[in-house]
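Presented below is the structure to which this report refers.
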Amino acid sequence: PAVISIKQISKTFSNGTVALREMSLDIRQGEFVSLLGPSGCGKSTVLRIVTSLTGPTTGRVEWPMETAAQDDHGLSFVFQEPTLMPWATVFGNVWLPLRLRGVTKRDAYDRVMEALEMVGLAGFAESYPRELSGGMKMRVSIARALVTKPKVLLMDEPFAALDEITRFKLNNDLLHLWETFGWTVVFVTHSVFESVYLSNRIVVMASRPGRVVNDMRLDAPYPRG
Ligand code: ADP
Ligand code: ADP
């Protein structure tokens, strides 16, 4: 079944830029979908519309599996930059989404530590972001996205700012987490390598106007040794 159903969305910005034209896409449960395309083809706009950060000009996004009672889509977002709070510890940063939902530090403790363990940072709970490398900061923001146990993880070029080696390590970690926990992931990238290596479905977009030009299912992510 589809977790997210994007139906004929178009987006024209107030300056006249047509970012998307009649794009439709069903994302199924457990898929790791890459949205692949050149800069400016509307990938971020798709994610912003899915997360309701902006509205489509026409069309709509449906969540077929939601019950009407739920007001939260169980969705987490990882941005290109880690966007951590510098004054809070690693623990405090990962606790934040739970804290905003009213979960005390004591009640959050096990879940925060579990999320930090998933990304290999359990030993850094009391460190501050400034003490961490770029790759570690990105791991913290992934832990922060996972701590609420989202149904869908949306990532917008999450590793773009990192060096190639760190990026490759994080790709492997992400793949391992996905294989272990079976989330639904939507991963925006302009890297053909990343899309082939990570995902089991590649949705290729083209620009002017942004639209889907190919939708490929792979049997499994690229085989690894
Ligand atoms: P909307 O049509 O959703 O209201 P706006 O055109 O008002 O969007 O722009 C929203 C914000 O995006 C503004 O702060 C604007 O400065 C910024 N913005 C404008 N052009 C671009 C662009 N080409 N790429 C990214 N951001 C832009
Ligand atoms: P991508 O993520 O694939 O690089 P975007 O979704 O950021 O592409 O942008 C798609 C197109 O819409 C681009 O031409 C971009 O300049 C334009 N755009 C994005 N945001 C705005 C905005 N707020 N106002 C005007 N144009 C925008």
Residues that are within 12 Å of ligand 1 (Cβ to nearest atom), open to solvent by 10 Å² or more (accessible area, probe 1.4 Å), more than 22 Å from Gly74 (Cα to Cα) and under 20 Å from the mean Cα position of the chain (by Cα): does the stretch 27-40 have at least one?
yes
Inspect all residues belonging to the stretch 59-75 and state whether any of them is touching a strand residue (DSSP E or B) at 6+ places or on another chain (Cβ under 6 Å), open to solvent by less than 20 Å² (accessible area, probe 1.4 Å) and closer than 29 Å to Phe193 by Cα.
no
Here is a check on your reading of the model: is Ala160 in contact (Cβ under 8 Å) with a residue 60 or more places away in the chain and either in a loop (DSSP other than H, G, I, E, B) or surrounded by fewer than 18 Cβ atoms within 10 Å (Cβ to Cβ) (or both)?
yes
Only one of Arg211, Arg144 that is open to solvent by 30 Å² or more (accessible area, probe 1.4 Å), assigned to a helix (DSSP H, G or I) and of a type in the set (Lys, Arg)
Arg144
Going by the structure shown, is Arg217 in contact with a Lys or Arg (Cβ under 6 Å, 6 or more places away or on another chain), at pLDDT below 95 and more than 14 Å from ligand 2 (Cβ to nearest atom)?
yes
Close pairs from the stretch 11-29: first under 18 Å from Leu53 (Cβ atoms), partner within 12 Å of ligand 1 (Cβ to nearest atom) and among the β-branched types (Val, Ile, Thr), Cβ under 6 Å, at least 6 apart
Lys11/Thr45; Lys11/Thr57; Thr12/Val18; Thr12/Thr57; Ala19/Thr45; Leu20/Thr45
Out of all the residues in the stretch 1-42, which are of a type in the set (D, E, K, R) and part of a strand (DSSP E or B)?
Lys7, Lys11, Arg21, Glu22, Asp26, Arg28
Within the stretch 64-100, take every residue that is at pLDDT below 80 and of a type in the set (A, V, I, L, M, F, W, C) and give me the one that is farthest from Ile6 (Cα to Cα).
Ala69
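The values are calculated or read from the model by the stated rules, or taken from the named source; none is laboratory data. As the structure is a computational prediction, the values presented were derived from the model and not from experiment. With ideal geometry, Cβ positions are generated from the backbone for all residues, glycine too; neighbour counts draw on all protein chains shown. Surface areas here come from the heavy atoms of the whole protein model, side chains and all, with no ligands, DNA or RNA. Shrake-Rupley method; radii C 1.70, N 1.55, O 1.52, S 1.80 Å.
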